[in-house]
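Report on the following structure.
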Amino acid sequence: MMNKNQIGIPNKETTALLVVDVQERLMPVIEESSQMIQQVNVLLRGAEILGLKTLITEQYPKGLGKTCREVILPEKFYLTEKITFSCMQCDSVLAQLRESNITDIIICGVESHICVLKTALEAVQQEFNVHIVADAVSSRTFENKELALSRMRQAGAYIVSTEMILFLLLEKAGTEEFKQISNLIK
């Protein structure tokens, strides 16, 4: 019989949210960016409610700008500037994950077929359980997003929605967390 980790059921004590490169100069060219940012904000608030470690990356902010103002940053998060496409090649990101005994990474952001893809593939390779939030990732074209989701699925990443991953992290109804998450996704 498979255990919960082998079938992609994350545990909030060992799960982190990774928001990849949702930056000022990228968003104007990203397909359906306002809907994507809305879902990223739901994930950020959900992660805060559930007590997940939250990491945010910025790809070369000098050229691409900071995280866009529409992103509602939580009270506590870890920001990393990077030049590598994969977040797994950033020592500070990897250190945060390893030091916190993270086994599952929820990934959202841009671009699906570049930084999100490389991060997901290398995270799977490093034996993390990877959950790609399909309604909270995007690319400049819909085709590249779809190809990236297929490629990540082939590599063993779990493709989920915002609502799906938040409810996977909850154990039962009737709790304060459940009420807050339910209100968040309405």
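One table, with the values for the structure above:
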| read-out | value |
| --- | --- |
| Checklist (1) more than 23 Å from Gln38 (Cα to Cα); (2) open to solvent by 30 Å² or more (accessible area, probe 1.4 Å) applied to Met88, failing item | (2) |
| The lone exception for Ile107 - which of (1) farther than 20 Å from Ile181 by Cβ; (2) open to solvent by less than 60 Å² (accessible area, probe 1.4 Å) it fails | (1) |
| The range 135-148, residues that are surrounded by fewer than 21 Cβ atoms within 10 Å (Cβ to Cβ) and free of Cβ contacts under 8 Å to residues at least 60 places away in the same chain | Glu143, Asn144, Glu146, Leu147 |
| Candidate set: the range 49-79, residues that are over 24 Å from Asn11 (Cβ atoms) and polar (S, T, N, Q); chosen: the one modelled with the lowest pLDDT | Gln59 |
| Subset of the range 66-85 [under 18 Å from Val116 (Cβ atoms) and exposed (fewer than 15 other Cβ atoms within 10 Å of the Cβ)] | Glu81, Ile83 |
| Cβ-Cβ under 7 Å pairs, at least 6 apart or on other chains, the range 15-30 side over 19 Å from Arg45 (Cβ atoms) and of a type in the set (Val, Ile, Thr), far side surrounded by fewer than 19 Cβ atoms within 10 Å (Cβ to Cβ) and modelled with pLDDT of 95 or more | Val29/Arg140; Ile30/Arg140 |
| Check on Glu31, acidic (Asp, Glu) and open to solvent by less than 20 Å² (accessible area, probe 1.4 Å) | no |
| Top-ranked residue of the range 137-186 - restricted to ones that are touching a Phe, Trp or Tyr at 6+ places or on another chain (Cβ under 9 Å) and among the charged types (D, E, K, R), ranked as farthest from Thr14 (Cα to Cα) | Lys172 |
| Leu184 vs. criteria surrounded by fewer than 21 Cβ atoms within 10 Å (Cβ to Cβ), among the aliphatic types (A, V, I, L, M) and in contact with a Gly (Cβ under 7 Å, 6 or more places away or on another chain) | yes |
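The values are calculated or read from the model by the stated rules, or taken from the named source; none is laboratory data. None of these values were measured; they are calculated from a predicted model. Positions of Cβ are generated from backbone atoms using ideal geometry, with glycine treated the same way; all protein chains shown enter the neighbour counts. Ligands, DNA and RNA are excluded from the accessible area calculation, which covers all protein heavy atoms including side chains. Shrake-Rupley method; radii C 1.70, N 1.55, O 1.52, S 1.80 Å.
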